[in-house]
Amino acid sequence: MAPVHVVGSTGGEVDFGSATVRVDPVLAFSSGFLATLAITTVMYVLPAIGVAQVDLPIWVARLFVADPVEVEAVGLAVHLTLGFGFAWIFATLVEPRLTLSPGKNGLLFGAVLWVFAQLIGVPALSELASVIRPDRGVPVGWLASGLGVGAAAASLLAHLAYGGTLGFVYGRQRAGRRG
């Protein structure tokens with residue numbers, strides 16, 4: 001895969017063989033910020049209405065730091081880094097190759113992220129937690145099965161909110177700039 005070539009401060013190009021796709025880093029990261037805001041909103045609203053949810057960034061942070069203030073700071077940093085990173089992956093590798101509407105592209109991306117998180121991320125972090133902090137280890141398992149079906153469903157809803165927002169905002173703005 002060819003590297004991303006940033007042109008100036010407002011755009012870049014990604015070479016996909018015969019096709020070159022312009023990537024606007026500001027648009028990619030601002031879309032990622034809004035999508036991260038959407039997933040965060042879902043993550044905090046669902047428990048407030050009684051639906052189980054895994055606050056993955058805080059869970060990861062608690063593996064490495066014990067101070068509550070540091071946990072929040074590290075968790076926020078992990079959350080934003082993932083949100084921006086996945087937005088960049090969407091903008092450079094995924095969105096240019098999908099042919100659905102912007103919102104559907106994003107929903108599909110969110111669903112794929114959820115599958116990745118549930119089949120690889122959550123079980124791997126659960127195992128890592130049991131090694132690093134055996135006194136706090138919670139056997140979560142595949143699809144967060146150790147936490148009940150509600151946690152996996154809530155996670156799916158949160159990832160769909162992320163992907164849908166990312167796809168809609170990034171895809172609509174990008175389509176408007178192409179047209």
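The values are calculated or read from the model by the stated rules, or taken from the named source; none is laboratory data. As the structure is a prediction and not an experimental result, all values here were calculated from the model. Glycine also receives a Cβ, built like all others from the backbone with ideal geometry; neighbour counts cover every protein chain displayed.
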(request) Could you run through the range 79-132 and say how many residues are free of Cβ contacts under 8 Å to residues at least 60 places away in the same chain, among the polar types (S, T, N, Q) and under 18 Å from ALA35 (Cα atoms)? (result) 1
(request) Report those helices (runs of 4 or more DSSP H) wholly inside the range 1-119 carrying at least 3 residues which are surrounded by fewer than 16 Cβ atoms within 10 Å (Cβ to Cβ) and modelled with pLDDT of 85 or more. (result) 25-48, 68-89, 102-116
(message) Which pairs turn up if I take residues in the range 159-170 that are farther than 9 Å from ASN105 by Cα and in contact (Cβ under 8 Å) with a residue 60 or more places away in the chain and look for partners that are part of a helix (DSSP H, G or I) and charged (D, E, K, R) with beta carbon separation below 7 Å, at least 6 apart in sequence or on another chain?
(response) TYR170/GLU95
